[in-house]
Amino acid sequence: MSITVYNTLIRKKVPFNTIEPGRVRMYVCGPTVYDHAHIGHGKLYISMDMILRYLRYTGLDVLYVQNITDVGHLLDSGEDRIMKGARREQTDPMQVVERYMRSYMDDMDALHNIRPDIMPRAAGHVPEQIAAVEQLIKNGNAYEVNGSVYFDVSSFPEYGKLSGRKIEELQEGTRLNTRAEKRRPEDFALWKRADPEHIMRWNSPWGEGFPGWHIECTAMAIKYLGANFDIHGGGLENVFPHNECEIAQSEALSGETFANFWLHAGSLTVSGVKMSKSLGNSVTIQDALNEYPAEVIRMFVLSSHYRSPIDYSKEAVDAAYKGWQRLIGPALSVQQILLTTQESDAAQSNFSSTIKQTRDDFKTAMDDDFNAPKAIACLFDFAKDVNGLLSEYPRPDDATLQSIAEVYNDLAGTVLGLLPANSTTSVNRDNELIEILVDLRKTARKQKDFATSDAIRDKLATIGVILEDGQSGTTWKTGFSNLSE
Ligand SMILES: [Zn+2]
């Protein structure tokens, strides 16, 4: 295998190898579902999706697990995020979970992120988490105080190996209300006793309570992927404390290395500022999708290396929009030529070396720690070459056009998810649908219903179909085919 990855655990780029030949077991920390997902989540999960897609594209069989956090993830105030959502919406916590889990799934589908193979929920795995905590107490890595159980950080000398933090730094930020009962400030909760007003509670050997956030990922990753698996992914902001604690618990539990490779995606800011509800600069995925096609949001995210931070701004996403149109324009032109002209006017062309070079360069870029921006640069070069070829007369033969379409389908479509859904397979049906809408608009105009006729025109424009009213009626074109203008 020729893939190299940057492994956060050892802070360098190393060859990627799998535990079992041909098979990758991969875990990614999922969302806490108490509100709509924002574009920071979009950045993280598009990055992980690109990694998954590429690994599968190279022929690896990837088992992809991503959890849903629906209990135990506390705010700095000590309040459970799910209970906060329930209070805000005056509803049951599990109703909040259902609502925002579905919203998250809709967002991920809309962004063309491939669904994980298994999406375990923390509240559905409380027995596994209790068993893990019991085992940690037995192993001498945890202790109980007043119905809560804490991990004894001093029992795991390698604590800090992922984040590179020292014990003094670890003591900061520990919650005041739990500080008194912990042996050391850096110890962290595995199980918390439930105060009387806490409605999310389960029976345990230590009384009624609820699991800590970190133990859920340990319990579910081990359950579905085994004690030792290949890739653990997540956001850079989760390296400490979340992932660090996962390693300590898991390795203390099994005595095995938890994940071999730790891959972290850089964070996202909005116009240079960290996104936060209190600053009012939070952009949900739905907000973003109301403004831009999903492929453009993917293009924006994948135009920077997944480990780099990115800044979301109108200018930056508009620039990605233009770039995306330039990138895929030739693919749409190729389809249109194939469907609308006859091969009898075609010339034999020798484009196969360009195609091979593009595929090779793309693979080299992606093999190098999933360097999507470099892979996209290869596709830009390819787009330029294809445009040059298409401007020649007579047009290239069908075989050449087909192999160009395949490059787009494989690299821009299958690996990066940048090709509009169905654009390569159903152009005919799309054309008919557009004709139907053009006719409806004509009827609306005759009836002087200009609100409807304008809405049809504007909505078509958002999917790249431009209507033009002329003397002989309305004609239309896809906005992508003449992007060089
Ligand atoms: Zn996690």
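Below, the figures for the structure above:
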{"item": "Backbone HN-Hα couplings from phi across segment 213-218 [Karplus 6.51/-1.76/1.60, Hz, Gly and Pro as x]", "result": "5, 5, 5, 5, 5, 4"}
{"item": "Order of HIS198, HIS38 under a 10 Å beta carbon neighbour criterion, fewest first", "result": "HIS198, HIS38"}
{"item": "Extension reserve of the ASP398-ASN431 stretch, reckoned as 0.36 nm per residue once the Cα distance is removed", "result": "9.8 nm"}
{"item": "Nonlocal amide H pairs with ARG121, under 5 Å, H built at 1.01 Å", "result": "ILE68"}
{"item": "Long-range amide H partners of ASP311 with built H, under 5 Å", "result": "THR269"}
{"item": "In order through segment 94-105: 3J(HN,Hα) via Karplus (6.51 cos²θ - 1.76 cosθ + 1.60), integer Hz, x for Gly, Pro", "result": "6, 6, 4, 4, 4, 4, 7, 5, 5, 4, 4, 4"}
{"item": "Among GLY147, PHE258, THR69 the positive-end extreme of the charge dipole of the chain (Cβ point charges)", "result": "GLY147"}
{"item": "3J(HN,Hα) from dihedral phi, segment 184-190, Karplus parametrisation 6.51/-1.76/1.60, rounded to Hz, x for glycine, proline", "result": "9, x, 7, 4, 10, 7, 9"}
{"item": "Segment 19-291 - charge dipole about Cα centre, Lys and Arg +1 at Cβ, Asp and Glu -1, debye rounded to 20", "result": "140 debye"}
{"item": "Nearest 10 degrees, 0 to 90: helix 244-254 Cα axis against the chain principal axis", "result": "60 degrees"}
{"item": "Neighbour-count order for ILE3, ILE463, fewest beta carbons within 10 angstrom listed first", "result": "ILE463, ILE3"}
{"item": "Farthest toward positive dipole pole in the chain [+1 Lys/Arg, -1 Asp/Glu at C-beta], among THR478, SER204, ILE436", "result": "SER204"}
{"item": "Residues with amide H under 5 Å from that of SER204, placed H, sequence gap 5 or more", "result": "GLY209"}
{"item": "Beta bridges by DSSP in segment 1-94, antiparallel share as percent, to the nearest 5", "result": "45 percent"}
{"item": "Order of LEU44, LEU263 - criterion: other Cβ atoms within 10 Å of each residue's Cβ, fewest first", "result": "LEU263, LEU44"}
{"item": "Gain in span if fully extended, LYS277 to ASP76, counting 0.36 nm per residue against the direct Cα distance", "result": "70.9 nm"}
{"item": "Charge dipole (debye, nearest 20) of the chain; +1 at Cβ of Lys and Arg, -1 at Cβ of Asp and Glu", "result": "520 debye"}
{"item": "Positive-end residue, the chain charge dipole about Cα centroid, Cβ charges, pick of ASN387, THR18, VAL96", "result": "VAL96"}
{"item": "Sites GLU197 and ALA227, calculated FRET efficiency, Cβ-Cβ separation with R0 45 Å, nearest 0.05", "result": "0.75"}
{"item": "Inter-centroid distance (Cα atoms) of segment 212-264 relative to segment 323-395, Å", "result": "41 Å"}
{"item": "For the chain, calculated [θ]222 nm from helices alone, where every DSSP H run of n ≥ 4 adds -39500 (n - 2.57)", "result": "-14000 deg cm²/dmol"}
{"item": "Pairs beyond 22 Å (Cα-Cα), from LYS161/LYS223; LYS43/LYS477; LYS138/LYS161; LYS43/LYS322", "result": "LYS161/LYS223; LYS43/LYS477; LYS138/LYS161"}
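FYI, it's all coordinate maths here, none of it is from the lab. Since the structure is predicted, the reported quantities are computational estimates derived from the model, not experimental observations. FYI the Cβ positions are ideal-geometry reconstructions off the backbone, even for glycines, and counts take in every protein chain you see.
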